[in-house]
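**Student:** Dumping the structure here so I can ask a few things about it.
The values are calculated or read from the model by the stated rules, or taken from the named source; none is laboratory data. Keep in mind the model is a prediction, meaning the values are calculated, not measured. Heads up, the Cβs are rebuilt from the backbone with ideal geometry, glycines too, and the neighbour counts pull from every protein chain shown. For the accessible areas, the whole protein counts, side chains as well, though only heavy atoms, and no ligand, DNA or RNA atoms are used. Shrake-Rupley method; radii C 1.70, N 1.55, O 1.52, S 1.80 Å.
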Amino acid sequence: MKEIRIERTKAPKTKPADQSKLGFGNYYTDHMFLMNYDKGQGWHDPRIVPYGPIELDPAAMCLHYGQEVFEGLKAYRSPGGGILLFRPDKNMARLNSSNERLCIPLIDEEFAVEAIRQLVLIDEDWIPNAEGTSLYIRPFIFAVDAHVGVHPANHLLFCIILSPVGAYYPEGLNPVKIYVEQSYVRAVKGGIGFAKTGGNYAASLKAQDEADKAGYTQVLWLDGVERKYIEEVGTMNVFFIIDGEVITPVLQGSILSGITRMSCIDILRSKGMKVTQRLISIDEVAKAAEEGRLNEAFGSGTAAVISPIGQLKWGDKIMEINGGKIGPVSQELYDTLTGIQWGKIPDKFGWTVKVK
Ligand code: COI
């Protein structure tokens, strides 16, 4: 395995004093990981250096054609003072699946997990320990060729930064209100919807902004062809519980294959619940809501964790879910998932990776 060169900061920053006010993505630690790719040389010069601005040519291709991918995972402070990562191998495998779609040279997944481990250890004092807080890890790769022309890059930069965070949504574990989007679409089959790349999020901004102005936390996307089948929510995968059965949209290439999503499916099944991955239409959800059979709905994601949905607005229809309160399955799932992630309950799935 390549050796990672380490240059420590001589000017450590002051850490946020109040962990209850971290919010999400507001603070960054003292160091970052960098590694270059140059055609003919491959990935080389892995290093951990003081966190700071990156110099970029104004013609850098990522700025013009969006050739970039990213990931999101977290490090958790366990009760005994240890540090845990949650399924980092899955994140790095997904990074390579995004790389493949965006014509970005694949990375060595094991090495990337090792880079995360070393970076987290160097900045371990930044891992918050208040209830519900963690260290968000953001690996990303972008094209740096100075060339105004559309083709896969020959020069790229792989970067990992760290951010101490609290809840992504200000609502925390309180149910969010979601707007079912009918005009804009996020992705179509054959496109880049399954890849974790900025373009998907750029495509979502307009709808998100309009939903926000209307008082909704997020947008629920429908499929890009029939505008009928449910895809995902802006920053999370989505689950519905109808007549006691848990249903989540099947992966068909247009939505993200969430690591929290796959973990939720396994946890729920281990508790004896029926979980089905299939096409689910917004009409089916609305009908179930009307007939009192829509028991619960929730979103899942690294940033969002488990986020109960208390209300869905679809055109003129407002669907109240479980009286706008978190339901028992969502609560139990949250407790189990976060219990495993923070090392508070035994990890019978073998998902957590000890950093120390
Ligand atoms: C994550 O859940 O890690 C994400 O990347 C979502 C992001 C928009 C914060």
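**Student:** Among the residues of segment 320-345, how many are of a type in the set (G, A, S), within 23 Å of the chain's Cα centre (by Cα) and open to solvent by 10 Å² or more (accessible area, probe 1.4 Å)?
**Tutor:** 1
**Student:** Mind listing whichever residues of segment 237-263 are in contact (Cβ under 8 Å) with a residue 40 or more places away in the chain, on the phi < 0 side of the Ramachandran plot, part of a loop (DSSP other than H, G, I, E, B) and more than 15 Å from the ligand (Cβ to nearest atom)?
**Tutor:** L251, Q252, S254 - these are the residues of segment 237-263 that are in contact (Cβ under 8 Å) with a residue 40 or more places away in the chain, on the phi < 0 side of the Ramachandran plot, part of a loop (DSSP other than H, G, I, E, B) and more than 15 Å from the ligand (Cβ to nearest atom).
**Student:** Okay, moving on. If I filter segment 297-315 for residues that are without any contact (Cβ under 8 Å) to a residue 60 or more places away in the chain and surrounded by fewer than 22 Cβ atoms within 10 Å (Cβ to Cβ), do I get at least one hit?
**Tutor:** no
**Student:** Same structure, new question: Quick check on my filter: what residues within segment 292-307 are more than 16 Å from the ligand (Cβ to nearest atom) and either under 21 Å from the mean Cα position of the chain (by Cα) or polar (S, T, N, Q) (or both)?
**Tutor:** Scanning segment 292-307 gives N295, A297.
**Student:** Given E131, E124, E210, which one is acidic (D, E), on the phi < 0 side of the Ramachandran plot and not assigned by TED's automatic domain parsing to the domain that holds L22?
**Tutor:** E210
**Student:** Report every pair of residues separated by at least 6 positions or lying on different chains whose Cβ atoms are under 6 Å apart, first residue within segment 196-218 and more than 19 Å from R138 (Cβ to Cβ) and open to solvent by 30 Å² or more (accessible area, probe 1.4 Å), second of a type in the set (A, V, I, L, M, F, W, C) and not in a helix (DSSP H, G or I).
**Tutor:** Pairs found: Q208/V219.
**Student:** What strands (runs of 3 or more DSSP E), lying completely within segment 21-114, carry at least 2 residues that are in contact with a Cys (Cβ under 7 Å, 6 or more places away or on another chain)?
**Tutor:** Ranges flagged: 31-38.
A quick yes/no check of all residues on (1) open to solvent by 50 Å² or more (accessible area, probe 1.4 Å); (2) within 16 Å of the ligand (Cβ to nearest atom); (3) outside the structural domain of I127 (by TED's automatic domain parsing); (4) under 24 Å from P88 (Cβ atoms):
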| position | (1), (2), (3), (4) |
| --- | --- |
| K21 | yes, no, no, no |
| L34 | no, no, no, yes |
| D38 | no, no, no, no |
| H44 | no, no, no, yes |
| I48 | no, no, no, yes |
| P58 | yes, no, no, no |
| G72 | no, yes, no, yes |
